[in-house]
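Undergrad: Mind looking over this structure? Questions follow.
The values are calculated or read from the model by the stated rules, or taken from the named source; none is laboratory data. Please read all numbers here as calculations on a predicted model, not as lab measurements. Heads up, the Cβs are rebuilt from the backbone with ideal geometry, glycines too, and the neighbour counts pull from every protein chain shown.
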Amino acid sequence: MEPQPSRSVAEALADVWSWHRTPRFLDYVADSFGVRVADLAAFDALYIYQVADGDLERGQFDHGSTFQWWEVTDAGVRECGRPGQLLGWRDAPEKVRGSFYRWPYVSFLHCGERVGFGECFGPALLNRKAGQLAAGPGGIELAGVQVVWRG
């Protein structure tokens, strides 16, 4: 069976865009990555991609099974191909601004009512999480999210 893009999950993960430039995001980074950074993020864009295979409970994804990309900016969430900014050396100086990547990304694996996702927001900011999908007032929301791995 051909995997289907989960735009609603991508949109739920994209919610971080609306507050990534705020002090609230620094608290989120401390909770999610176990490190405290002082500088605010200022992403140029956020990329989200969906994989078809992996073990979401352990946070292990087969990135070779990537089949859908989305770009998140102030204009909203739109489908895209693999962004050229993510090719090459991930930590190249031109790709980093302070503690954060200019073009961070989130990968995810959607299995029924469960989702596993990995956030890569900066050179020292990599994790994997797992949680439940729940209906919310604005669409799908993530519930019961737990960190299953920190890099």
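Undergrad: What are the pairs with Cβ atoms under 8 angstrom where one residue, in the range 1-19, is over 14 Å from residue 68 (Cα atoms) and the other, located anywhere, is assigned to a helix (DSSP H, G or I)? Sequence gap at least six, or different chains.
TA: 16/25; 16/28; 19/25
Undergrad: If you take the residues of the range 1-20 that are closer than 15 Å to residue 78 by Cα and outside any helix (DSSP H, G or I), which of them is farthest from the chain's Cα centre (by Cα)?
TA: 5
Undergrad: Still on this model: Within the range 44-56, track down each residue that is crowded, with 20+ Cβ neighbours inside 10 Å and of a type in the set (A, V, I, L, M, F, W, C).
TA: Applying the first criterion (crowded, with 20+ Cβ neighbours inside 10 Å) to the range 44-56 yields 46-51, 54, 56.
Listed by number, the residues that qualify are 46, 48, 51, 56.
Undergrad: Does residue 131 fit the bill of being at negative phi, free of Cβ contacts under 8 Å to residues at least 24 places away in the same chain, in contact with a strand residue (DSSP E or B) (Cβ under 6 Å, 6 or more places away or on another chain) and surrounded by 13 or more Cβ atoms within 10 Å (Cβ to Cβ)?
TA: Details: at negative phi: yes; free of Cβ contacts under 8 Å to residues at least 24 places away in the same chain: yes; in contact with a strand residue (DSSP E or B) (Cβ under 6 Å, 6 or more places away or on another chain): yes; surrounded by 13 or more Cβ atoms within 10 Å (Cβ to Cβ): yes.
Here the answer is yes, as residue 131 does meet what is asked.
Undergrad: Additional query: If residue 132 passes every condition in (1) in contact with a Phe, Trp or Tyr (Cβ under 9 Å, 6 or more places away or on another chain); (2) among the polar types (S, T, N, Q); (3) in a strand (DSSP E or B) but one, which one does it miss?
TA: Only one criterion is unmet by residue 132, namely (1).
Undergrad: If I go through the range 134-151 residue by residue, how many of them are in contact (Cβ under 8 Å) with a residue 12 or more places away in the chain and among the small types (Gly, Ala, Ser)?
TA: Applying the first criterion (in contact (Cβ under 8 Å) with a residue 12 or more places away in the chain) to the range 134-151 yields 139-151.
Narrowing further to those that are among the small types (Gly, Ala, Ser): 139, 143-144, 151.
Total satisfying the criteria: 4.
Undergrad: Of these, 8, 65, 18, which one is modelled with pLDDT of 95 or more, loosely packed, with under 15 Cβ neighbours inside 10 Å and within 17 Å of residue 112 (Cα to Cα)? Explain how you work it out, then say what you get.
TA: Details: 65 fails: within 17 Å of residue 112 (Cα to Cα); 18 fails: within 17 Å of residue 112 (Cα to Cα).
That would be 8, the only listed residue that is modelled with pLDDT of 95 or more, loosely packed, with under 15 Cβ neighbours inside 10 Å and within 17 Å of residue 112 (Cα to Cα).
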